[in-house]
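Written below as structure tokens is the structure these notes are about.
The values are calculated or read from the model by the stated rules, or taken from the named source; none is laboratory data. All values reported here derive from a predicted model rather than from experimental measurement. FYI the Cβ positions are ideal-geometry reconstructions off the backbone, even for glycines, and counts take in every protein chain you see.
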Amino acid sequence: MIGTGRSSRAWFEEYRRKRKSADEGERVIGAEDGAKQGRTRSRSFWSLLAAFWRLADAARPIFALALATRTLGTLIALLPPVLLKVLFDSVLGTDPLPAWLPLPDDRVALLWFVAGGLALLPFTATIVGLWGRWKLTKATRIMHAAVRRRVFEHAARLPLHRVQRLKSGGVTALLREDAGTVSDLTFNLVYNPWGAVVQLTGTLIILAIVDWRMLAGGLLVLPIVWVTHRAWIARIRPVQRDIKAVKQQTDAHATEAFAGMRIVRAFSRETGETLRFTRRNHFAARQEILAWWWSRGIEAAWDFLIPVATACVVLYGGYAVLGERLRTGDLVMFVAYVTMLLGPIAMLTTSATSVQTQLAALDRVLDLLGEKPEFAGEQPERTADRASAAGRITLEHVWFAYPRGRGAKEQSEHERWVLEDVSLDVPPGSVVALVGPSGAGKTTLCNLVARFYDPQRGRVLLDGIDLRTIEPTSFRRLLGIVEQDVFLFDGTVAENIAYARRGATRAHIADAARIAHAHEFVERLERGYDTVIGERGVRLSGGQKQRIAIARAVLADPVVLILDEATSNLDAESEALIRDSLASLMRGRTTFVIAHRLSTVRDADRIVVIDGGRIVEEGTHDTLLALGGRYAGFLARQLEHAPSSPVPRDQDASLPHEPRS
Ligand SMILES: Nc1ncnc2c1ncn2[C@@H]1O[C@H](COP(=O)(O)OP(=O)(O)O)[C@@H](O)[C@H]1O
Ligand SMILES: [Mg+2]
């Protein structure tokens, strides 16, 4: 995946081969990525239409209104050919008009009437149609925003492992393009086809009245339409879908490359990344040209079919007029209607091709909306209340494995467990330090406490109540989390700190910053608390970011505090500075602290040594030291590295720690 591999041409050739042998709706992203796309089938047209109708909800009355105006406008537009018949047979010819028609008898007056009608009828039809279009456009824009909102909302509620799998570029592409495209379906799927259907039916009825035999001939075209249409759809829609997917991957890759630009530079991979990017773009371009050929194929077929059909009608009708079986006016009218008949059919087929793109987008939006959100179907019976929550956290025989991709079979147990039979009881307000090698499962344990995941076996309890029965948002409001990789939003320092508590005042923010020892450096920033932190906080050092994150946690005033290597980016001096602040932050809160600095660990009420997903030792600093087990081993190794300070209690040493994976 990282290498550039074959040329985009070879890739595309393989794609075409696979595409040809694939079923109609199947997704073939391209040879190398195909395997990664779990689902293949797209929905049927009718289920997409139904889904679209459900998405439209509030806009439906306007849809109805727009369809009504479209009907009216189309019917008005159907009248002019009748005027042509009047012109040829009653003005230029000698046929009397039906007596019940309130039309002038005088032929010159009738001529004026016909001319006026020919000028005004299309105009009226346009005005009526325009008004409906305007209403519908407004409704479409509203729907546009609503669909995007739904997609965002839903993506934000997906389980964490799904969010991580939807690469960042994937979500934004879905939001920017697909979710927006869906609303365009109002025109291509509802409004325009409806107009075409009305015009088609109206024309057919009139034609049947004039000469049903000629109509029967005209209808012979329809099966041909159907066959070409089906064949085209089977070709274009899947390719459009694949194009989207490839573009999404390309976007995701670009986002990733720029997020990791430091690494790209560090390993001089700029050229490689550019090649990778270019190759995907070339591949997408080849796909687009393929789809373009198919679309133009449809149009060309129609450009050929319409004149041929018209010629046939003229031949047949001309013979009929010569044989005096038909009036001249009827033939003129008929030819006019035949063009009107083929127009909507051609429109339906060509708009069908753009509908395909939009249906593919809808399909992908539905894929996302169909995914189960994090706490789907749960009916928690209680909410956590910060005033009454004591903060006892208990893990009872917890077994946990990270969920794998969608559709993966049940856990293939035994090998995948990240936590095995972990039991731990943390009384309210006490501090637990988690110690262990990298990958032991320390962060995972905290993830379960924060309920980012639920254990497969066993329970996690807050004050004796299973977390699964507590309303998740209310529970998470009790939490404060500081992690090693601090995430700061693109905003000011103050906004980032206040993220923990809506409506926090400047004074609150500054207080929190003071406790986290962030106040001093923030004050020294160019614009103080109003300094805008660049995307991902590039303008702050790792230690500064951590102090902001700590301030954020201080402001949250949590009942349960999780410090996951929260001070790892601080140098010994800064850490010593905020040690007291952290101590006061931890006071009275149930705290899980993961740290490899001895100074942070040794004062914990309890130290839990984790290895390979199991708790291997548990006790205070002194008892564990006396025990002479794993913990003592860590310390001993620590002392080897710092032989000059034999008394670990007074030394700011680090527990050995392998680099994070
Ligand atoms: N989001 C994740 N998805 C799948 N596996 C994970 C995830 N996070 C961590 N792991 C795996 O779980 C194990 C424990 O990881 P972790 O709890 O982060 O270790 P620690 O924090 O002790 O260094 C590791 O083997 C790691 O590869
Ligand atoms: Mg960790």
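Can you confirm whether segment 450-459 contains a residue that is farther than 30 Å from residue 428 by Cα, of a type in the set (A, V, I, L, M) and touching a residue at least 12 places away in the same chain (Cβ under 8 Å)?
Applying the first criterion (farther than 30 Å from residue 428 by Cα) to segment 450-459 yields none.
For segment 450-459, residues farther than 30 Å from residue 428 by Cα, of a type in the set (A, V, I, L, M) and touching a residue at least 12 places away in the same chain (Cβ under 8 Å): absent.
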Q. Name the residues in segment 444-457 that are crowded, with 17+ Cβ neighbours inside 10 Å, charged (D, E, K, R) and either at negative phi or within 12 Å of ligand 1 (Cβ to nearest atom) (or both), would you?
A. 454
Q: Would you please name the residue that is nearest to ligand 2 (Cβ to nearest atom), looking only at residues in segment 563-592 that are closer than 17 Å to residue 521 by Cα and of a type in the set (Asp, Glu)?
A: 575
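For residue 287, indicate whether it is part of a helix (DSSP H, G or I), under 30 Å from residue 165 (Cα atoms) and modelled with pLDDT under 85.
no
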Q. Counting only residues that are of a type in the set (A, V, I, L, M, F, W, C) and surrounded by fewer than 13 Cβ atoms within 10 Å (Cβ to Cβ), which one in segment 367-389 is farthest from residue 164 (Cα to Cα)?
A. 387
Q: With the condition kept exactly as written, say whether any residue in segment 426-434 is buried (at least 20 other Cβ atoms within 10 Å of the Cβ) and free of Cβ contacts under 8 Å to residues at least 60 places away in the same chain.
A: no
Q | Boolean, residue 460 is buried (at least 21 other Cβ atoms within 10 Å of the Cβ), touching a Leu at 6+ places or on another chain (Cβ under 6 Å), under 30 Å from residue 541 (Cα atoms) and β-branched (Val, Ile, Thr) | A | no
Q) Across segment 537-559, what is the total count of residues that are in contact with a strand residue (DSSP E or B) (Cβ under 6 Å, 6 or more places away or on another chain) and among the hydrophobic types (A, V, I, L, M, F, W, C)? A) 4
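For every residue, the table says whether it meets (1) over 30 Å from residue 632 (Cα atoms); (2) more than 16 Å from ligand 2 (Cβ to nearest atom); (3) in contact with a helix residue (DSSP H, G or I) (Cβ under 8 Å, 6 or more places away or on another chain).
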site	(1), (2), (3)
394	no, yes, no
433	no, no, yes
449	no, no, no
460	no, yes, yes
480	yes, yes, yes
486	yes, no, yes
491	yes, yes, no
497	yes, yes, yes
Q | Every residue from segment 290-322 that is modelled with pLDDT of 80 or more, of a type in the set (Val, Ile, Thr) and crowded, with 19+ Cβ neighbours inside 10 Å | A | 313
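Can you spot a residue in segment 424-440 that is more than 16 Å from ligand 1 (Cβ to nearest atom) and modelled with pLDDT under 85? Show your work before the answer.
We begin by selecting, within segment 424-440, every residue more than 16 Å from ligand 1 (Cβ to nearest atom); these are 425-431.
If we keep only those that are modelled with pLDDT under 85 too, we end up with none.
Scanning segment 424-440 turns up no residue that is more than 16 Å from ligand 1 (Cβ to nearest atom) and modelled with pLDDT under 85.
Select from segment 476-485 the residues that are away from ligand 1 (no atom under 16 Å from the Cβ) and under 27 Å from the mean Cα position of the chain (by Cα) and write down the one among them that is surrounded by the most Cβ atoms within 10 Å (Cβ to Cβ). First the steps, then the outcome.
Residues of segment 476-485 away from ligand 1 (no atom under 16 Å from the Cβ): 476-480.
Subsequent filtering for residues that are under 27 Å from the mean Cα position of the chain (by Cα) retains 476-477.
Values: 476: 16, 477: 18.
It comes out as 477.
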Q. Quick check: anything in segment 231-249 over 26 Å from the mean Cα position of the chain (by Cα) and part of a helix (DSSP H, G or I)?
A. yes
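Starting from residues that are under 22 Å from residue 514 (Cβ atoms) and touching an Asp or Glu at 6+ places or on another chain (Cβ under 7 Å), keep the ones in segment 570-594 and report whichever is farthest from ligand 1 (Cβ to nearest atom). Walk me through it before giving the result.
First pass over segment 570-594, keeping only residues under 22 Å from residue 514 (Cβ atoms): 570-589, 591, 593.
Now restrict to residues that are touching an Asp or Glu at 6+ places or on another chain (Cβ under 7 Å): 572, 576.
On the way: 572: 22, 576: 24 Å.
Of everything passing the filter in segment 570-594, 576 is farthest from ligand 1 (Cβ to nearest atom).
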Q) Of the conditions (1) within 21 Å of residue 491 (Cβ to Cβ); (2) within 16 Å of ligand 1 (Cβ to nearest atom), residue 564 fails just one. Which one is it? A) (1)
**Q.** Set 594, 562: member being touching a Cys at 6+ places or on another chain (Cβ under 6 Å) and aliphatic (A, V, I, L, M)
**A.** 562
Q | Which numbered condition residue 593 misses (of (1) in contact with a helix residue (DSSP H, G or I) (Cβ under 7 Å, 6 or more places away or on another chain); (2) farther than 15 Å from residue 432 by Cβ) | A | (2)
Q. Which ones in segment 257-281 are in contact with a Gly (Cβ under 9 Å, 6 or more places away or on another chain) and over 21 Å from residue 8 (Cα atoms)?
A. 264
Q. Within segment 130-170, can you find the residues that are in contact (Cβ under 8 Å) with a residue 12 or more places away in the chain and basic (Lys, Arg)?
A. 133, 135, 138, 141, 148, 150, 157, 162, 165, 167
